[in-house]
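Step one of this worksheet: look at the structure below.
The values are calculated or read from the model by the stated rules, or taken from the named source; none is laboratory data. Predicted model only: the values in this text are computed from it and were never measured. So basically every Cβ, Gly included, is an ideal-geometry build from the backbone, and we count neighbours across all protein chains shown. We work out accessible area using only protein heavy atoms, side chains counted, and drop any ligands, DNA or RNA first. Shrake-Rupley method; radii C 1.70, N 1.55, O 1.52, S 1.80 Å.
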Amino acid sequence: MKSKDFLLCECKNLGLVLEETLRYEYGLDGSREFYEECDARLQLIKGELNNTDEADSEALSLSFYALESLSALICRIERSSLGEYSWPFVEEFKEISEAVCTEPTSLKPSLPPKVHVLSEGGLSSYQIDVEANRSFAKKRILTIFFPRTLKHFVLLHTILGHEIGHAIFSFPKFQGDLTKILRTNLIDPNDKFCNHNAVVDWLYSSKAPNSAQVYLSLLKAEYEIDPQNFFLSFAEYDAWVEEFLCDFIGLLMFGPSFLAALCDLLYSTEPSGAKVGQEHPPTGCRVNMLIVAAQHIGYDQIAFDAETKPHVEAFWASIYEKRQKDVWFDVFTEEQIKNTTNAIMGFLSNHAKALYPMPSAQEIKPLVNQIINQIPPVGYRFTTEKGPEHFEIDFRHTLYAGWIAASNTQFPIPFDTVNRLCEHGIMQQRAIKEKIAYKKAKEAKNTKLEAKV
Amino acid sequence: MSIMSAFRQDDSSAMYKRFAYLVSTYVDQPEVAATPAAQIPLENIFRLLEMYRYDAFKDENRSGVLASRSFSGRNMPRQSKAWHVDIQQALSQSLNNVFGNVPSNQAIDELEDVLRGLANDQPVSKQQQTHAKDFFNNFHQVLV
């Protein structure tokens, strides 16, 4: 069989797989839009192959890789139907991601992406995959990955705030805006991060902690990575800068819960906080930077009463103990961090639901108490005048209350139990939200009818 | 171990060259442009123009927040230049060739209007059609 015939045969196979997997109603939103998108891609590839000369290896290769990624996508969508993830969290998170990842397209002035979700093995599977700008795609598909083992650990899922930052950054207009913000406020005025040489000087300085020096000497001994070729052969400067940006976005989107999840997850994989990755700067620098930003926003300044205060203090103490004491980790000045926080806050405030609303003690306290009493935390109160009342609560407040309850030392609750309670709370809160929306719509309809009469 | 060790060369230029050609043919065939498959080249060229407008060409797939892929020292060789350098140059040249002194944002607005018109099966003026066709043909020729 010739290459072209083989690829056309694979198109036919993929068409059958598409029929088998996506013509059924998979997932909460159904699969029709996914089906139409994948079918359009397949039709284009097939059309291109039919018009390709058998000897044109470049064009055949282009179609081969387009088929490969379409095949992988369809199989991923099929797997997402297994539903092995926390769907109450996902439903809330989807609302945020669709609001912030809406972009202008040739079809519509603003079009949200299609989102699908699946679980993967390994803690490192937390990820949001956004299809590249240059791809055989009409509508962008966003895939959110959760670690299978952490299915119900909604408190840790706040780490996805960082990942959504990468998704936002992939849209050209946002990339332009955010690059400007970052360069003006954080990178250009900074003496340690303003360019490759400055980073290398800081990283390889004699003041670096021992763990960093040992790691760098290992890179030298085993892979011949040294200050001269560090950014040529090993790390990606732009990727490091993007990591800082996404940390800011995660913090502003999920508040203190994000900071707590980041500390737990990142230090669990690299306890020293000093190692560098090809795409990631040292964890310790990221955590220290975020603590300054959180303090600047004032998350730790909310005044709680004597009953809740010790729990909140225990939470913040657990965060502050993750702060690296060695000043080598403090790469950005307080002023640079404050300015960047303010500027990104301004950017996110243009997107509905993107910013974590500053919580009040009155909102958080009852949720914490419910969790401590092992009750799913929801917007509920009972008064003698009105009887039982339900009200809306942002799911991110539920998560913050979860972290506070998990940190309390007076009435210790296992971390997995707190997560399960919060997951149930978010699910019940969704029902409350729908009930309130239904009631409001009914009232509006009645008012309209009355006005007509 | 995988059965093949494919080394995928960057094919962005080839892809955009092909899409530019297809889009130039859609200008004369609006009925084809409105089909779902044709919307893929239209949308890709639209995104490319947006990347150019905002000088926002970072378009790589990244690993997740905890990704700790070990560095083997045998990773893919780094490209000698970024994927977009030739494409960006070709866009600048074609904008200059077709639109002359018109500010690039204005030219891009006009091209995007044509792409929107084609994608949504809406009328596009004769002058805009001519400009768009000239531009996409020129871009197709200039891009190596």
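Each of A:K445, A:K207, A:K108, B:K133 has its accessible area taken with a 1.4 Å probe; listed largest first, they run A:K207, A:K445, A:K108, B:K133. For the range A:336-409, the list of chymotrypsin sites (Phe, Trp or Tyr not before Pro) that fall in a loop by DSSP and count at most 13 other C-beta atoms within 10 angstrom reads A:F391.
Shape of the range A:361-452 from the C-alpha gyration tensor: prolate (a/c of 1.5 or more and a/b above b/c, with a ≥ b ≥ c the square roots of its eigenvalues).
What percentage of the solvent-accessible surface of the range A:3-157, computed with a 1.4 Å probe over protein heavy atoms, is contributed by carbon and sulfur atoms? C and S fraction of accessible area: 50 percent. Ordering of A:288-299, A:327-338 by packing is A:288-299, A:327-338, highest average first (other Cβ atoms within 10 Å, averaged per residue). Straight-line cross-link partners of A:K445 among the lysines, defined as a Cα under 17 Å from its Cα and at least 8 positions apart when in the same chain: A:K435. Solvent-accessible surface of protein heavy atoms, probed at 1.4 angstrom with all chains present, puts A:Y237, A:Y320 in the order A:Y320, A:Y237, largest first.
Counting only other chain Cβ atoms within 10 Å of each residue's Cβ, the peptide A:117-129 averages 3. Ordering A:213-220, A:353-360 by mean Cβ neighbour count within 10 Å, with the highest value first, yields A:353-360, A:213-220.
Counting Cβ atoms of other protein chains within 10 Å of each Cβ in B:33-45 and taking the mean gives 6.
Each Cα pair of the range A:173-348 feeds into the Kirkwood radius, which the Stokes-Einstein equation turns, at 25 °C and 0.890 mPa s, into a diffusion coefficient of 144 µm²/s. Within the assembled protein chains, the solvent-accessible surface assigned to A:K442 is about 110 Å², based on a 1.4 Å probe. Packing here is the average count of other Cβ atoms within 10 Å per residue, and on that basis the peptides B:23-30, A:93-100, highest first, run A:93-100, B:23-30. Taking every residue in A:100-106 and counting other chain Cβ atoms within 10 Å of its Cβ, the average works out to 5.
Only the Cβ atoms of Lys and Arg (+1) and of Asp and Glu (-1) were treated as charged; on that basis the dipole of the protein assembly as shown about its Cα centre amounts to roughly 880 debye. Calculated mean residue ellipticity at 222 nm for chain A: -19000 deg cm²/dmol, from DSSP H runs with n ≥ 4 weighted as -39500 (n - 2.57), summed, divided by the residue count and rounded to 500.
Accessible area per residue was computed with a 1.4 Å probe on protein heavy atoms; A:M427 scores about 70 Å². Of interest is the spacing of the C-alpha centroids, which for the range A:374-453 and the range A:219-247 amounts to 45 Å. Beyond 32 Å in Cα-Cα separation lie the following of the pairs A:K114/B:K126; A:K94/A:K442; A:K180/B:K17; A:K108/B:K126: A:K114/B:K126.
By DSSP, the beta bridges lying fully in the protein assembly as shown are antiparallel in about 55 percent of cases.
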